[in-house]
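Data first, discussion second: the structure below is written as C-alpha cells.
Bear in mind that the values in this text are calculations on the coordinates, not laboratory data. Keep in mind that what you see is a predicted model, and the values were worked out from it rather than measured. Cβ sites come from the backbone with ideal geometry, for glycine too, and all protein chains shown count toward neighbours.
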Amino acid sequence: MKNINSLIIPLLFLLAACSSPDGGLLSSDPGLRSSAPVSVASAKTTYQLAGQIQSAPAGTQIVHADSSVQTAVVGDDVYINESVKNTVGSAYKVDLNGNLIIESDPTIAVTITSPVSVDYYYHQDWVAVNQDMTVYTSQIRVGVNGSCTLTTKATLVLRSGFNENE
Amino acid sequence: MNRLLFQPQLHSLSNITWLIPQPGLSIDERVLVQNVEEFQFMDLLIDLTESNLLKDDSLLPNLNDLTALTDPLMKGLVLSGIGNIHSYFGNYAKSFSAFHQALNTIQGHSDPEALAFVYSSMSNLLRKLGHREATLVLAEEVIKLSKTEFMKWRARVQRSLAGKYGNEWRKTVSELRRAVRYYESIHNAFRMAGIQRHLAHIYARQNEYNTAEQLLDQAENIARQENRIHFLHEIKNDRGYLHFLQKHNRAARATFSELIREAPIPYQEALVYQNLGLVEIKEKNFRAAIACFRKSLAITEPNDMRELLLEDYLRLARCYRKIGDDCTGSLLYDKVYQTVLADLEMGLPLNSSRKAALDETVRFLKAHCRLEADDPRYFEGLESSTLAEARILFQRTLLTLHLRQTETLNALARKLRVTPRALHGYRVRLGLQRNSKGGRIRNNHLTSYVEGFLHFSWKEATTHFEDDFIRFALGKQGFNKRKTADHLGISYPQILLKTERHQSKGYLS
C-alpha cells in the first residue's frame, strides 16, 4: 500500500503540472479545455399565474423565465418567476390579487405583506414581510406565492434639488 | 441621550428648548463666526433691522466684534442670526448650538420680540430639515409672542412652507400668495421674491412647469434689480432642477455647469454638483455621477454640511452598487449609518427621508455582511452541484462583477492576467455575451464571497474557489473522500490531489 501511494502522489503532482493555465482541474474548465457542452442542473420551472398587466405605457416589457423579452400590453398574463419592467422607469405595485399596477409617481413608499422581490433603485433584493421600504422601482418580480399587497403613498424620499433656503 | 423633538405639553416659554436637538458639545462663539461670509452678516443686519430689533446698526460694526458684545439681548439676537447663517450653509450642528446659546442668553430678559426672532430662526431650520410638527409649534409661538406684523408674517410663511410638498399644497399656495401681497404692500421686494421661488418649487412638484418658470422669472427680475448675486445663483439652481424634473437633461446639465462657473458659495456649489450627479444617474452615466457626488462630498464633508452630506453618501453608495462595486458601496452605507446615528445622538429624530436612508442602509449591510471565510452560507444552493457546475456559477459571478467595474476588455484581460482571446472564450462559454455588462447575481452571500477575489488573477481565483468548494463538499459528506469525489463529479485521484493541497495549507488536520 505504501508503495502504491509513493507512485500515486508524484503522478498526481505531474498531472497538476500539466493542468490548465486557468487553474481549473484537468480539462474541467469549460472556458479553455473542452469544447463539449457542460450540462448545468437547473431547477424545474413551473408556470403559475401571478398576475395580469393592468396598464402598459410605452416601454413596458415582460421578461420571461428564459430571459426572452416581450412587449407588454394590457391583459397580458404574468407568471411567477417572470418580471415586468419598464425601460422608461415607471413604478409598479402588485395588488392583493397579484395584479401588477403601474404607478405614476416613481417614488413610492410601500408596505409589503407578502414576500416579493423588488428592484428598488438599481438594486434587486428580496423584501421581508411587513417591512416598510421605499421603492424607486423599474421592476417588481413576483415571489413564489404570487400575491402580495403593496400599499402606496406619495412621498418625497430625499431632499429635492431645489435650494430650500428661506 | 436622545430627546423627544415634539412634546406639545412642554411648549411653554421656559421649556421650548425641548423642540430643538441639543448638540453634544456647545460650540465656541469664535468657531461659530468662522467662515461667515460678509454678505451674510449684512443680511443678518438687514434681518434684525426689518424685524425692528436693531435701531442702530453701528452697534454691530463687524464680525470680529460679535464675541465681545456685552448686551445679552443683542448677543442672543446675533447668536440666533448666526444660527440662521449656519442653517443657510447646511451645518445644523453649529446652528443648533448657536440657537441654544441664543436662548440661554435671552431667556430671563422677558423680551418677547427677541424670543420670537430666535424661535422664527429655529423654525426655519427645522422646516428645512423636514420636521413639520416642530416647525408648526415654533411658528405658532412666534405668532403669539410677536406684536409686529412683519414677524407674524414670517412665521406664517414658515408654517406654510412646512407643508409645501404635502397633500395640502393648495392651502400652502394660497397662504404664500397672501404673504406675497403683504410684502408687496410694505415694498419688501426681496422677501416677495423668496416666496415666489418657493411657490415655483410647489408648482414644479405638481408638474405645472410653466407656472413654476414664470414665478422664477419674476423672482429673477427682482434679484437683478436688487443685485442679489447669491439669490440669482439659487434661482439658477432651481431652473436647472426644473429642467431635470421635465427630463430636459441637456438643458439641466448646461444650467448647472454654467452655475458652477459662476463660483457660487460652497453650499450652493455642493448642491449643484449633487444635481449634476442626478442628471448623470438619469442618463445612466454612473461613473460621471460618482465624479459629481465626490466633488460635492469634497465640500460637504470638511464643512460638516450635514444637510447635504447624507445625500452624498447615499447616492454614492447607490452608484457604486450600480457599477458592481459593492465593497465601496458598503463603506459608503456605513457612512450613511454613522451620519444618521450622529443625528440621533444629537437628539434629531428620524424623519421620513432619514428613515428611508437608514432602512436602505440596514437592508444592504444585512445582505452584504461579511461571513467567516469558511461559512457554508457562501455556497447556499450549491449543495447538490458538481464541481464543474459550481465553477461555472463562480466564474460567471466573478466575470459579471469584473465586467461591471472594468471599462475595456483589454484592461480586464490584463487585470485577470489572461489573453484577450482567452477572455473572449470565457465570456462565450459562460454566456456573458458581447455588449453584455454581465448577468444578474442572485446569491448575495456568494457575491460577497466572489468579491474577495476581484484582485486575484483568473487562475488564482479559480484555484482558491475549487479548494474552498471541495472543502465545503467534504464537510457535507462527512470527510469521506470517495463519496465527495463521486458527488462532485471528479475522480478519486483529483480529490486526493486537492486534499493534499489543503493539508499543505493546514486546512485539514
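Relative to the longest principal axis of the Cα atoms of chain B, the long axis of helix B:492-505 makes an angle of roughly 50 degrees. With a simple spin-label model that places each label point 7 Å from the Cα along the Cα-to-Cβ direction, the separation between B:Asn167 and B:Asn35 comes to 4.0 nm.
Converting phi to 3J(HN,Hα) with the Karplus coefficients 6.51, -1.76 and 1.60 and the offset θ = phi - 60°, region B:49-54 yields 5, 4, 7, 6, 10, 10 Hz in sequence order, with x at every glycine or proline. Paramagnetic label reach from B:Leu341 (point 7 Å along Cα→Cβ; backbone nitrogen cut-off under 12 Å): within region B:310-335, residues B:334-335. Each other residue within a Cβ distance under 13 Å of B:Val118 adds +1 if Lys or Arg and -1 if Asp or Glu, for a net charge of -2. Mean sequence separation of contacting Cα pairs (under 8 Å, at least six apart), scaled by the length of region B:95-202, corresponds to a relative contact order of 19 percent.
Given B:Lys128/B:Lys171; B:Lys295/B:Lys459; B:Lys55/B:Lys128; B:Lys75/B:Lys144, which pairs have Cα atoms separated by over 28 Å? Flagged as over cut-off: B:Lys295/B:Lys459; B:Lys55/B:Lys128.
The listed peptides B:229-242, B:178-191, B:445-458, ordered by packing as a protection proxy, come out as B:229-242, B:445-458, B:178-191 (highest mean of other Cβ atoms within 10 Å first). Each residue in B:Met305, B:Met346 was given a count of other beta-carbon atoms within 10 angstrom of its own, and listing them fewest first yields B:Met346, B:Met305.
The ranking of B:Met122, B:Met151, B:Met74 by Cβ neighbour count inside 10 Å, starting from the fewest, reads B:Met74, B:Met151, B:Met122. A Förster distance of 30 Å, applied to the separation of the beta-carbon atoms of B:Glu149 and B:Gln214, puts the FRET efficiency at 0.60. Arranged from fewest to most other beta-carbon atoms within 10 Å of their beta carbon, B:Ile495, B:Ile46 become B:Ile46, B:Ile495. Counting Lys and Arg as +1 and Asp and Glu as -1 over every other residue whose Cβ lies under 11 Å from the Cβ of B:Leu73, the net charge comes to -2.
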